[in-house]
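The values are calculated or read from the model by the stated rules, or taken from the named source; none is laboratory data. Since this is a predicted model, take the numbers as computed values, not measurements. We place every Cβ from the backbone using ideal geometry, glycine too, and count neighbours over all the protein chains shown. Accessible surface is based on the protein model in full, side chains and every heavy atom, while ligands, DNA and RNA are left aside. Shrake-Rupley method; radii C 1.70, N 1.55, O 1.52, S 1.80 Å.
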Amino acid sequence: MAEITRKRQGELLAGVFQLLTEQPGDGLPAKEVLARLRAEVPPTPFEASDYPNRPGVNRYEKIVRFSTIPFVKAGWLTKSKGQWSVTDEGSAAFARLDHDPEAFMREAVAHYLQWKKGQPEATDEIETEAVAVAGSYEEAEEAAFSEIKAYVDRMAPYDFQDLVAALLEAMGYHVLWVAPPGPDKGVDIIAGSDQLWIEDPRIKVQVKHRGGSTTDVGDLRAFMAVLGARDVGIFVSTGAFTRDAWSEARTHETRKLTLIDLERLLDL
């Protein structure tokens, strides 16, 4: 990393933040960020080369990933299942410091050092190894989630519906009904905490196999219209939910609606 200065790291991360702040919604996949960054902030000859002892492993992506660490620890950048996004604090810092990449990097590092004070002490050798392991784990997690997403996208819609029903059973709920092929009148699965459906709550589930499309607030309101006083609603979608949809779910007066996207489904 001798040829990578604080200023250069700041330029790379300013490019990352520019891409992410221009993207509406919940950020971008890491691979897309790194690919687009090459065009926005082209690699130097050093960055464009491979590691001498690791032919085929390019420095550029590794340097960018390494440089994101202070920004994540500062709470300015989040990473989840290969998706990178900028927090409100990160947007504010970028707006304030984007004209000075070196200052942008130094402030992130200052936040990182403050975070590090609260961590167990480690030697430089251990810390370097930990950074390498964390980077490898991050890339492995991205690859695994990408493969799982591709698998789920290829599933038939009713197979995915059965998967959600099986998950509820595995979590200790009793699935009382799963919609057969055809019109479902807004409910795909009905479950309860007991086999006789005597105890509250009664769980109604809407399942959408949507791939790259999003679920908007209109979809949620249609589903909420079929929820009764005893019901708890769960809306599962393989696609993303719009911000309005998340806001509607959080502020719904009875607080009985839960949204589950593919990332949360995988965690469950």
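Miscellaneous remarks
- Scanning segment 212-226 for residues that are crowded, with 19+ Cβ neighbours inside 10 Å and not in a helix (DSSP H, G or I) yields a count of 1.
- Just one of (1) within 27 Å of GLY172 (Cβ to Cβ); (2) open to solvent by less than 20 Å² (accessible area, probe 1.4 Å) fails for TRP246. It is (2).
- Filtered residue count, segment 229-240, keeping only those that are open to solvent by less than 10 Å² (accessible area, probe 1.4 Å) and either free of Cβ contacts under 8 Å to residues at least 40 places away in the same chain or of a type in the set (A, V, I, L, M, F, W, C) (or both): 6
- Of everything listed in (1) farther than 29 Å from ASP261 by Cβ; (2) at pLDDT 90 or above; (3) surrounded by 15 or more Cβ atoms within 10 Å (Cβ to Cβ); (4) of a type in the set (Ser, Thr, Tyr), the single unmet condition for TYR112 is (2).
- Test result for VAL187, modelled with pLDDT of 90 or more, more than 15 Å from LEU163 (Cα to Cα), in contact with a Lys or Arg (Cβ under 8 Å, 6 or more places away or on another chain) and of a type in the set (Val, Ile, Thr): yes
- Some residue of segment 40-49 being exposed (fewer than 15 other Cβ atoms within 10 Å of the Cβ) and in contact with a strand residue (DSSP E or B) (Cβ under 9 Å, 6 or more places away or on another chain): yes
The rows are residues; the columns are (1) in contact with a Gly (Cβ under 9 Å, 6 or more places away or on another chain); (2) crowded, with 16+ Cβ neighbours inside 10 Å; (3) of a type in the set (Lys, Arg); (4) assigned to a loop (DSSP other than H, G, I, E, B).
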{"residue": "ALA150", "(1), (2), (3), (4)": "no, no, no, no"}
{"residue": "ASP153", "(1), (2), (3), (4)": "yes, no, no, no"}
{"residue": "GLN161", "(1), (2), (3), (4)": "no, yes, no, no"}
{"residue": "ALA166", "(1), (2), (3), (4)": "no, no, no, no"}
{"residue": "GLY172", "(1), (2), (3), (4)": "no, no, no, yes"}
{"residue": "VAL175", "(1), (2), (3), (4)": "yes, yes, no, no"}
{"residue": "ASP194", "(1), (2), (3), (4)": "no, no, no, yes"}
{"residue": "ILE198", "(1), (2), (3), (4)": "yes, no, no, yes"}
{"residue": "LYS204", "(1), (2), (3), (4)": "yes, yes, yes, no"}
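- Close pairs (7 angstrom Cβ cut-off, 6 or more residues apart or separate chains): closer than 12 Å to VAL205 by Cβ in segment 169-183, among the hydroxyl-bearing types (Ser, Thr, Tyr) anywhere: TYR173/SER193
- No other residue among LEU28, LEU97, LEU20 is open to solvent by less than 30 Å² (accessible area, probe 1.4 Å) and more than 19 Å from the chain's Cα centre (by Cα) apart from LEU97.
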